[in-house]
């Protein structure tokens with residue numbers, strides 16, 4: 001064996017393993033881990049404790065703790081390739097987002113085996129496949145189900161199939177030459193993007209798929225999946241020469257697609273948007289802000305002394321509070337507003353078409369609503385307060401990183417000023 | 001002189017370069033010396049004891065890929081890329097024998113020195 005012991009060989013093998021391996025107890029306290037696991041965990045942990053898996057991932061995957069806690073069986077696979085997106089924050093760059101895949105096996109009551117692997121490349125490839133898939137699916141599933149149109153780069157209809165007539169009630173021959181945006185009447189109050197906005201995104205990204213209410217010619221409405229795909233007729237010119245539009249009547253929005261969408265975009269515990277979805281929406285709204293120059297505001301919200309709640313009353317009680325906070329804040333959102341859980345007890349609200357005064361007004365309303373939450377405990381009701389900071393993309397010079405940093409700075413100024421308050425500059429306080 | 005050399009905070013790149021293998025092995029902290037290509041050239045006995053690895057298997061391999069992946073991030077490896085002159089002490093957590101272990105790292109680099117060094121103090 002050339003003098004190398006089998007223990008040394010085993011250590012060499014584990015030091016060099018290009019996948020992160022971690023063994024911990026059910027509270028996340030790490031007993032063993034290899035260097036690859038530490039390579040990912042240490043930067044994510046920041047100032048938090050890197051020797052506890054859940055604490056180290058508290059900011060980027062707060063849901064992991066509850067996923068593990070909610071798992072009933074004595075042993076088995078708790079999650080397989082659970083995705084942790086680490087693309088939000090000051091380190092975010094233009095390159096593909098970094099995604100970690102996390103698998104957790106329960107080996108016994110108090111023993112977890114965890115793997116961590118960088119799957120960023122894989123996610124990028126999947127994205128590409130999904131694009132192709134959603135497009136091919138519309139072709140393969142048959143034209144009866146799908147209204148298909150082609151439009152020019154300016155949105156004028158050049159052709160529409162017979163299904164378009166069956167689905168919307170508009171004569172497919174008569175609409176040729178008209179602007180599709182005038183024909184389609186989407187619910188303006190809904191979260192759905194306008195057709196012109198979809199076309200802009202498809203022009204940039206190649207395609208865009210969304211769901212929303214759509215009106216028929218007779219005034220009735222239906223839940224519609226709308227796919228816009230850019231066409232390029234000239235190989236040497238990358239600019240789209242027109243777009244294909246596919247409309248699909250999806251009866252019942254509680255369908256599998258909605259479940260899947262919720263799974264991918266929502267925080268496991270609170271049902272608020274997750275970090276990754278929030279980050280995507282921010283980028284989309286930033287593009288929109290650049291194009292239409294309507295205000296865009298961000299509120300960052302952090303619960304005060306929340307660690308004490310968890311330490312004193314346990315995580316299940318903390319979880320109830322987090323759910324209630326998400327519930328009351330989501331109720332206050334304006335149309336197109338998005339409320340997301342960004343970390344353990346940190347939340348964010350993105351407010352398109354809302355200026356700083358409106359954002360501060362809403363932040364005050366959220367602070368009041370959070371202050372009114374009571375969780376019944378044996379020794380009397382448990383209450384919580386929040387500190388909030390607002391910023392606009394205009395103030396941040398159009399940079400998302402600067403927007404987050406500014407709102408964060410103000411959030412901490414609110415904390416320093418005594419907590420349970422919305423940060424106001426001197427100009428606003430006067 | 002001897003006191004300075006044995007001191008984690010004070011020892012210099014020149015001290016390490018001029019030292020014999022036995023003297024490096026006698027230091028109370030781990031010493032890893034590697035070239036600009038990250039390939040390990042020296043690995044002292046203290047470090048071998050802490051990591052459980054035989055220096056003969058570590059010498060000649062790319063350090064951040066094969067042995068110290070936990071330092072292969074912006075906190076350590078990237079700094080050697082970005083800072084030609086480097087003398088910094090960072091609190092860190094290594095996985096020596098797969099156990100999370102709090103350590104202090106001292107990162108040493110100078111453009112005119114043949115080797116860069118990481119010193120590890122438990």
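Side notes on the structure shown:
- Some residue of segment A:352-368 being surrounded by 21 or more Cβ atoms within 10 Å (Cβ to Cβ), in a loop (DSSP other than H, G, I, E, B) and not assigned by TED's automatic domain parsing to the domain that holds residue A:193: yes
- Residue A:314 satisfies every condition listed in (1) in contact (Cβ under 8 Å) with a residue 12 or more places away in the chain; (2) over 21 Å from residue A:411 (Cα atoms) except (1).
- For segment B:98-106, the criterion of being facing another protein chain (nearest Cβ under 9 Å), within 20 Å of residue B:55 (Cα to Cα), in contact with a helix residue (DSSP H, G or I) (Cβ under 7 Å, 6 or more places away or on another chain) and assigned to a loop (DSSP other than H, G, I, E, B) is satisfied by at least one residue.
- Among residues of segment A:288-304 being exposed (fewer than 15 other Cβ atoms within 10 Å of the Cβ) and touching a residue at least 12 places away in the same chain (Cβ under 8 Å), the one that is farthest from residue A:204 (Cα to Cα) is A:294.
- Residue B:34 vs. criteria more than 22 Å from residue B:112 (Cα to Cα), touching a residue at least 60 places away in the same chain (Cβ under 8 Å) and surrounded by 17 or more Cβ atoms within 10 Å (Cβ to Cβ): no
- Among the residues making up segment A:24-70, those that are assigned to a helix (DSSP H, G or I) and either under 18 Å from residue B:64 (Cβ atoms) or at the interface with chain B (Cβ under 9 Å from one of its Cβ atoms) (or both) are A:35, A:36, A:37, A:38, A:39, A:40, A:41, A:42, A:43, A:45.
- Checking each residue in segment B:70-85 for being touching a strand residue (DSSP E or B) at 6+ places or on another chain (Cβ under 9 Å) and either more than 17 Å from residue B:107 (Cβ to Cβ) or modelled with pLDDT under 90 (or both) picks out B:70, B:75.
- Among the residues of segment B:68-90, those identified as within 13 Å of chain A (Cβ to nearest Cβ), over 12 Å from the mean Cα position of the chain (by Cα) and part of a loop (DSSP other than H, G, I, E, B) are B:72, B:73, B:74, B:75.
- Residues satisfying the stated conditions in segment B:75-97, i.e. exposed (fewer than 13 other Cβ atoms within 10 Å of the Cβ) and in contact with a helix residue (DSSP H, G or I) (Cβ under 8 Å, 6 or more places away or on another chain): B:88
- Segment A:369-386: number of residues that are part of a helix (DSSP H, G or I) and either under 17 Å from residue A:305 (Cβ atoms) or more than 25 Å from the chain's Cα centre (by Cα) (or both): 2
- Candidates are the residues of segment B:48-67 that are assigned to a helix (DSSP H, G or I), within 17 Å of residue B:101 (Cβ to Cβ) and touching a helix residue (DSSP H, G or I) at 6+ places or on another chain (Cβ under 8 Å); the one that is farthest from the other protein chains (Cβ to nearest Cβ) is B:48.
- Those residues of segment B:102-114 which are surrounded by fewer than 17 Cβ atoms within 10 Å (Cβ to Cβ) and under 17 Å from residue A:35 (Cβ atoms), in sequence order: B:102
- Of everything listed in (1) touching a strand residue (DSSP E or B) at 6+ places or on another chain (Cβ under 8 Å); (2) at pLDDT 90 or above; (3) more than 11 Å from chain B (Cβ to nearest Cβ), the single unmet condition for residue A:19 is (3).
- Residue A:57 satisfies every condition listed in (1) closer than 22 Å to residue B:102 by Cβ; (2) free of Cβ contacts under 8 Å to residues at least 24 places away in the same chain; (3) surrounded by 16 or more Cβ atoms within 10 Å (Cβ to Cβ) except (2).
- Tally, over segment A:375-388, of residues that are touching a helix residue (DSSP H, G or I) at 6+ places or on another chain (Cβ under 9 Å) and exposed (fewer than 15 other Cβ atoms within 10 Å of the Cβ): 2
The values are calculated or read from the model by the stated rules, or taken from the named source; none is laboratory data. These numbers were taken from a predicted model, which means no experiment stands behind them. Methodologically, a virtual Cβ is constructed for each residue, glycine included, from the backbone with ideal geometry; neighbour enumeration extends over all protein chains shown.
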